[in-house]
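Remarks on the structure that follows.
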Amino acid sequence: MLDNIRTFYQLRIKTIKLGRRELYLKEKNIIFLYLNKYKWKYLLGIITLFIVDFMNLYIPQFTGEITDGLKDKTMDITGVIQGIIKILLVGLVLALGRFGWRYFIFGSARGIEYELRNDMFAHLEKLSMGYYNKNKTGDLMAHFTNDLNAIRMSAGPAVITSFDAIIMTFMVLTKMILYVNIRLTLLAVIPLLFIAIGGVYYGRSAEKRFTAKQKAFSDLTDQVQESISGIRVVKAFVQEREELKAFARANQENKDKNMKVVKLQATIMPLLDIVIGLSGLITLLYGGYLTITGTITLGRFIAFNQYINMLVWPMIAAGDSVTFFSQGMASIKRIQNIFRQQPDVFDEPDVTDQKINHLDGEIEFNHLNFRFTTETPEVLKGINLKVDKGSTLAILGRTGSGKTAMANLLLRLYNAEPGMITIDGVDIRKIPLKVLRENIAYVPQDNFLFSDTLKNNIAFGASTKDIEIVQEAAREACIHDNIMDFPGNYETLVGERGVTLSGGQKQRSSIARALMKDAPILILDDSLSAVDTNTEEQILKNLNNNRKGKTTIIIAHRISTIQNADKILVLEEGRMAEYGTHEELLNKQGIYSKMYEKQQLEKQLEAV
Ligand SMILES: Nc1ncnc2c1ncn2[C@@H]1O[C@H](COP(=O)(O)OP(=O)(O)OP(=O)(O)O)[C@@H](O)[C@H]1O
């Protein structure tokens, strides 16, 4: 019985410890996970550093010996040459050692930065749309540049300077005591103690200022990113001056926050000089006295001065290390915030058991209600309908009525409640995300194209880049002739460094990209709005011929786009206002028929 209780508590303690450790790694210091990977390299680097520092101490000693030898006339030219050879040999070891620690420690820091950047990108890719709706692109970009840079500086130079400072201080002090004089050493290092005390205060204050500085930089990056991506709107609304003012404000804020850091460093550095100067003064006064009284030789006095100078570097390095570490700490916290974010949409544990690797395309919405966040109102209410495999559903409705929301839910960019959407009779949440998205071809409303060739844009996400297949998809989307008119044909670069496509050309390239996927489900989200009616007719005809047996969902505003669909859903403020075929809805004399009449009238007016 007692044994059982003991085992129970032992197990419990173990679990708590494990839990704490996980929490510690996850919550407190993600950087330790990365440092751990490079621990052997760091160790090698630190050992090399130790050797370098150790060898360094012999140069003042050899100089001191030559000085005393020459002064006392106990050393001839051979002795001097031997002394110089010893110094040169130490110099050679130092050169090799300095290469070594740089290679090991800077290499590890670069490695950590590289891995952290990869992991951060992979993590960001996993995060759901909800996260991107809340966070600004510029801010995220600043994490990849400024914050990772600060982390690298603290994982590399700061590690070196700290260890160097500690090892060097320790060794120099030992050498000062053993080789020169203990009392002189103690007196000379008293002022240096103030540096250790000041370091703690400086570290705390520096981290706060660095956090503010990094945030200001993020805001500035965001400002530039928004102004440049929105330059068309800025120019069209003659808002250059306003944008410039907003930029100047962000820039000023960034400068102010940087100045706060500069001011702190500017206060600390002269203080360091004063402390170091005091040490030098004590050395001159008391060391000089000891030399005059013959307690230490002139050579040892000279060596002592060199040792004091050797302490200057660790003191300044200590200041730099605190700066780097504080900045790194501020950045790690910012990056940790990203890693702490969990995707809302993910494969639940039992999903992989489902063995689903293909979809047929029978979609069912079962009394679907949906809101984007708990704070926002419901945007879809009681949607209840079935889309048969191989049929076409058209969704029509005023702007903001929830059409794109339905597409987003089918792609699981957001989560619907369990059971509210099924595909082939399986709850969408039980279908592996990869399978779901691979089986849906989507033409989004914003027709985003990458800064790449048209060929690569169309073949994006497809299993092949075969030009014949790319051309076939482009022909179906009625963009082939346009592409052939471009100077580089399919190799034409799109976007910032290439040609600027018209709205309609972008739309059709985007349709070609979706058709290239040849998926069992195709969603066109207002994807024909920028093409003329003849081209629209042609594209729809092509879709009809080539997508037999496959499901299509067309979201549109023009009735001409959707009138041949098997079923038409009219959404009104997220509700199914009307549902049926074109004829059925016309007979209903409701919203659809009114829309139809209006659009017919517009057509006739256009013809006149
Ligand atoms: N990420 C989001 N968070 C909160 N609300 C959102 C979000 N995205 C869209 N909405 C809101 O949901 C409603 C439906 O939007 P949705 O984009 O589905 O409309 P839509 O019918 O596709 O409109 P349009 O024809 O203009 O594209 C709108 O009121 C919109 O403001």
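The values are calculated or read from the model by the stated rules, or taken from the named source; none is laboratory data. Everything quoted here is computed from the prediction, not taken from an experiment. FYI the Cβ positions are ideal-geometry reconstructions off the backbone, even for glycines, and counts take in every protein chain you see.
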Revision key, fill the gap. By residue number, the members of segment 488-546 that are farther than 13 Å from T561 by Cβ and among the β-branched types (V, I, T) are T492, V494, V499, T500, I521, I523
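Scan segment 594-608 residue by residue and report those that are among the aliphatic types (A, V, I, L, M) and within 16 Å of the ligand (Cβ to nearest atom). Steps first, please.
Taking segment 594-608 and keeping what is among the aliphatic types (A, V, I, L, M), we get 595, 601, 605, 607-608.
M595, the sole residue that qualifies.
For every residue, the table says whether it meets (1) closer than 23 Å to P191 by Cα; (2) surrounded by 13 or more Cβ atoms within 10 Å (Cβ to Cβ); (3) not polar (S, T, N, Q).
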| residue | (1), (2), (3) |
| --- | --- |
| A246 | no, yes, yes |
| N251 | no, yes, no |
| L264 | yes, yes, yes |
| P270 | yes, no, yes |
| I276 | yes, yes, yes |
| S279 | yes, yes, no |
| I292 | no, no, yes |
| I296 | yes, yes, yes |
| R300 | yes, yes, yes |
Check your understanding: Could you count how many residues in segment 474-504 are hydrophobic (A, V, I, L, M, F, W, C), at pLDDT 85 or above and more than 17 Å from F460 (Cα to Cα)?
Key -> 2
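Test N457 against the stated conditions and say whether it is of a type outside the set (G, A, S), under 27 Å from the mean Cα position of the chain (by Cα) and within 13 Å of the ligand (Cβ to nearest atom). Before you say what the answer is, go through the steps one by one.
Working: of a type outside the set (G, A, S): yes; under 27 Å from the mean Cα position of the chain (by Cα): yes; within 13 Å of the ligand (Cβ to nearest atom): no.
Here the answer is no, as N457 does not meet what is asked.
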**Study point:** Where Q507 falls short, out of the listed (1) more than 16 Å from the ligand (Cβ to nearest atom); (2) more than 15 Å from L411 (Cβ to Cβ)
**Key:** (1)
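Do we find that L92 is buried (at least 16 other Cβ atoms within 10 Å of the Cβ) and either in the same structural domain as G156 (by TED's automatic domain parsing) or farther than 30 Å from G69 by Cα (or both) in this structure? Can you show your working first?
Values: buried (at least 16 other Cβ atoms within 10 Å of the Cβ): no; either in the same structural domain as G156 (by TED's automatic domain parsing) or farther than 30 Å from G69 by Cα (or both): yes.
So L92 fails the test.
Looking for something farther than 24 Å from V200 by Cβ, touching a residue at least 24 places away in the same chain (Cβ under 8 Å) and not basic (K, R) - is there at least one such residue anywhere in segment 322-335?
The initial filter retains those residues of segment 322-335 that are farther than 24 Å from V200 by Cβ, namely 335.
This time we only want the ones that are touching a residue at least 24 places away in the same chain (Cβ under 8 Å), so: 335.
Restricting the remaining residues to those that are not basic (K, R) gives 335.
There is at least one residue in segment 322-335 that is farther than 24 Å from V200 by Cβ, touching a residue at least 24 places away in the same chain (Cβ under 8 Å) and not basic (K, R).
Only helices (runs of 4 or more DSSP H) wholly contained in segment 102-173 count here; list those with 1 or more residues that are assigned by TED's automatic domain parsing to the domain that holds S218 and closer than 22 Å to Q327 by Cβ.
Details: elements: 107-126, 129-134, 137-142, 148-155.
Of the helices (runs of 4 or more DSSP H) lying wholly inside segment 102-173, those with at least 1 residues that are assigned by TED's automatic domain parsing to the domain that holds S218 and closer than 22 Å to Q327 by Cβ span 107-126, 137-142, 148-155.
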Point to revise | Single residue of segment 537-593 satisfying the filter (within 41 Å of the chain's Cα centre (by Cα) and among the acidic types (D, E)) that is nearest to the ligand (Cβ to nearest atom) | key: E573
Exercise for review: Filter segment 387-406 down to residues that are of a type in the set (V, I, T) and near the ligand (Cβ under 7 Å from one of its atoms) and give me whichever is farthest from the chain's Cα centre (by Cα).
Suggested key: T399
Check your understanding: Is it fair to say M168 is touching a residue at least 60 places away in the same chain (Cβ under 8 Å) and touching an Asp or Glu at 6+ places or on another chain (Cβ under 7 Å)?
Key -> yes
Review point. Looking at segment 552-565, which of its residues are at pLDDT below 90 and not polar (S, T, N, Q)?
Key: A556, H557, R558, I559, I562, A565
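Answer yes or no as to whether G97 is in contact with a helix residue (DSSP H, G or I) (Cβ under 9 Å, 6 or more places away or on another chain), part of a helix (DSSP H, G or I) and surrounded by 15 or more Cβ atoms within 10 Å (Cβ to Cβ).
Criteria met by G97.
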Check your understanding: Which residues, taken from segment 338-386, are acidic (D, E), within 16 Å of the ligand (Cβ to nearest atom) and not in a strand (DSSP E or B)?
Key -> D344, E375
Review point. Is it the case that segment 579-601 has a residue that's part of a strand (DSSP E or B) and either modelled with pLDDT of 85 or more or surrounded by fewer than 14 Cβ atoms within 10 Å (Cβ to Cβ) (or both)?
Key: yes
Review point. Only one of these conditions is not met by K213: (1) of a type outside the set (V, I, T); (2) surrounded by fewer than 20 Cβ atoms within 10 Å (Cβ to Cβ); (3) more than 30 Å from F50 (Cβ to Cβ). Which number is it?
Key: (2)
